[in-house]
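The values are calculated or read from the model by the stated rules, or taken from the named source; none is laboratory data. Being a predicted model, the structure only gives us computed values, none of them experimental. Using ideal geometry, Cβ is built from the backbone for each residue, glycine included, and neighbour counts are taken over all protein chains shown. In case anyone asks, the SASA skips ligands and DNA or RNA and just uses the protein heavy atoms, side chains included. Shrake-Rupley method; radii C 1.70, N 1.55, O 1.52, S 1.80 Å.
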Amino acid sequence: QVQLVESGGGLVQPGGSLRLSCAASGFTFSLYAMSWYRQAPGKERELVATITRTGYSTNYVDSVKGRFNISRNNAKNTVYLQMNSLKPEDTAVYYCYAQSGGTETYWGQGTQVTVSS
């Protein structure tokens, strides 16, 4: 069955770093664009970053440009989100999302990231 399993979340001080991972199984990972979304309490889910199937192209929401980096390893069926210079406003549940060129989409269960001193 399809699974997206996020890991790497936790509590970090402002200015710190975290690396999120999302391990995929049950589908052909290399055929899917991958994204990270986040949802803070009381707010709508927000697209943070996207990477194409080959990894050659990426996009970021303005608020994380220059601080976050999305990457993927198709041999390991894993997508990553390196988060640097973290701010309290980055606090949210982070979700992994897979989208095929058609209509198939999958969500992970989410991992909590808390930025606080």
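Loop sites here are GluC sites (Glu not before Pro) outside DSSP states H, G, I, E and B with no more than 14 other Cβ atoms within 10 Å. The longest part of the chain free of them is 45-103. A simple spin-label model places the labels of R67 and Q112 2.1 nm from each other, with each point 7 Å out along Cα-to-Cβ.
Rolling a 1.4 Å probe over the protein chains gives F68 an accessible area of about 10 Å².
Each Lys and Arg contributes +1 and each Asp and Glu -1, all at the Cβ; summed about the Cα centre of the chain, the dipole is approximately 240 debye. In percent, rounded to a whole number, the relative contact order of the chain is 36, using alpha-carbon pairs under 8 Å and six or more apart.
Here the label points at R45 and T28, each 7 Å from Cα along the C-beta direction, are separated by 2.5 nm in the simple model. Could you list log10 I(q)/I(0) for the chain at q = 0.13, 0.17, 0.19, 0.21 Å⁻¹, which the Debye formula gives when each Cα is one point scatterer? Log10 of I(q)/I(0), two decimals: -0.45, -0.76, -0.95, -1.14. Residues whose amide H falls under 5 Å from that of F68, counting only those 5 or more places apart or on a different chain, are N84, with hydrogens built in the peptide plane. Applying 1/(1 + (r/R0)^6) with R0 = 41 Å to the Cβ-Cβ distance of S17 and S100 gives a FRET efficiency near 0.85.
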